[in-house]
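Novice: Once you've had a glance at the structure underneath, I'll fire off some questions.
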Amino acid sequence: MIISTFSQQVFLAVHDATGVGRAVKRVRRVEHAADEALQKEVKVMQILLGCPHVVNVLDAFIDDEYRYMVTSRSPTLNYHPYMY
């Protein structure tokens, strides 16, 4: 996990088939404000898809407890200082 706040967590992941790095943000669905904010973030990120200097949303989904957003990883951001 690289970022964690009260209502959201961001994880680094690697796609099994391709080996490409991804970032996965999740929020608890019972945290209604955070859940709504992530839904809006997904919509905005989809509008910005393909813009330079913006990571791309690759997937968004829910399970019983969380809402998730999967994005490409920034090629210029050094994630190591943020890792726990």
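Just so you know, all these numbers are worked out from the coordinates, no wet-lab data involved. Because the structure is predicted, anything quoted here is derived from the model rather than measured. Here the Cβ positions follow ideal geometry from the backbone for every residue, glycine too, while neighbour counts run over all protein chains shown.
Novice: Tell me the label-point distance for the pair Ser74, Arg28, using the 7 Å Cα-to-Cβ offset, in nm and rounded to one decimal.
Specialist: 2.7
Novice: Right, something else. Do you know the relative contact order of the range 3-75, to the nearest whole percent, from alpha carbon pairs under 8 angstrom that are 6+ apart? Write down the numbers at each step before the final one.
Specialist: Details: 114 pairs, mean separation 21.2, N = 73.
It comes to 29 percent, rounded to a whole number.
Novice: So if R0 is 22 Å, what FRET efficiency would Ala37 and Ile62 give, r being the distance between their Cβ atoms, rounded to the nearest 0.05?
Specialist: 0.95
Novice: Please give the peptides 61-70, 23-32 ranked by average Cβ packing (other Cβ atoms within 10 Å per residue), highest first, as a rough proxy for protection.
Specialist: In decreasing order of mean packing, 61-70, 23-32 become 23-32, 61-70.
Novice: Convert each backbone phi in the range 13-21 into a coupling constant with the Karplus relation 6.51 cos²θ - 1.76 cosθ + 1.60 (shift: θ = phi - 60°), then list the ³J(HN,Hα) values in order as whole Hz, x for Gly and Pro.
Specialist: Working through the residues one at a time gives 9, 10, 5, 4, 6, 9, x, 7, x Hz.
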